[in-house]
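Scroll down for the structure; my scribbles are underneath it.
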Amino acid sequence: PLLFGSADLAELGGGAQGMFFLEVGKKHYFYIAYDSAGVAKIDWTEVANPVLVQHANTAGNASDLVVINGRAYVADGGGGLVLMK
């Protein structure tokens with residue numbers, strides 16, 4: 001029920017709808033459109049120890065995303081746009 005052990009996200013539902021992988025230097029990041037839970041940015045550099053770096057709610061249900069020039073653009077059923085760095 002918890003998204004990466006975060007109590008702040010425990011009440012949010014949803015599931016992974018779309019993902020984007022980005023390598024920055026030696027860091028590996030996954031951005032996940034997580035339906036009603038919004039968007040999560042996860043540092044997956046250590047495969048056995050993924051870390052939730054950032055979370056952002058969206059107006060509706062995040063269904064897909066793309067990262068361009070360090071910003072995440074999210075397709076969201078509520079008509080909102082989320083930018084993450």
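Nothing in this text is a laboratory measurement; each read-out follows from the coordinates by a stated rule. None of the values given here were measured: they were computed from a predicted structure. Glycine also receives a Cβ, built like all others from the backbone with ideal geometry; neighbour counts cover every protein chain displayed.
To the nearest 0.05, how large is the calculated FRET efficiency for residue 16 and residue 59 if R₀ is 25 Å and r is the Cβ-Cβ distance?
Numbers: r = 19 Å, r/R0 = 0.75.
Efficiency computed from Cβ-Cβ geometry: 0.85.
What ranking do 33-46, 52-65, 16-29 get when scored by the average of other Cβ atoms within 10 Å per residue, highest first? Intermediate results must be reported in sequence, preceding the final value.
Details: 33-46: 19.7, 52-65: 17.8, 16-29: 12.9.
Sorting 33-46, 52-65, 16-29 by mean packing, highest first, produces 33-46, 52-65, 16-29.
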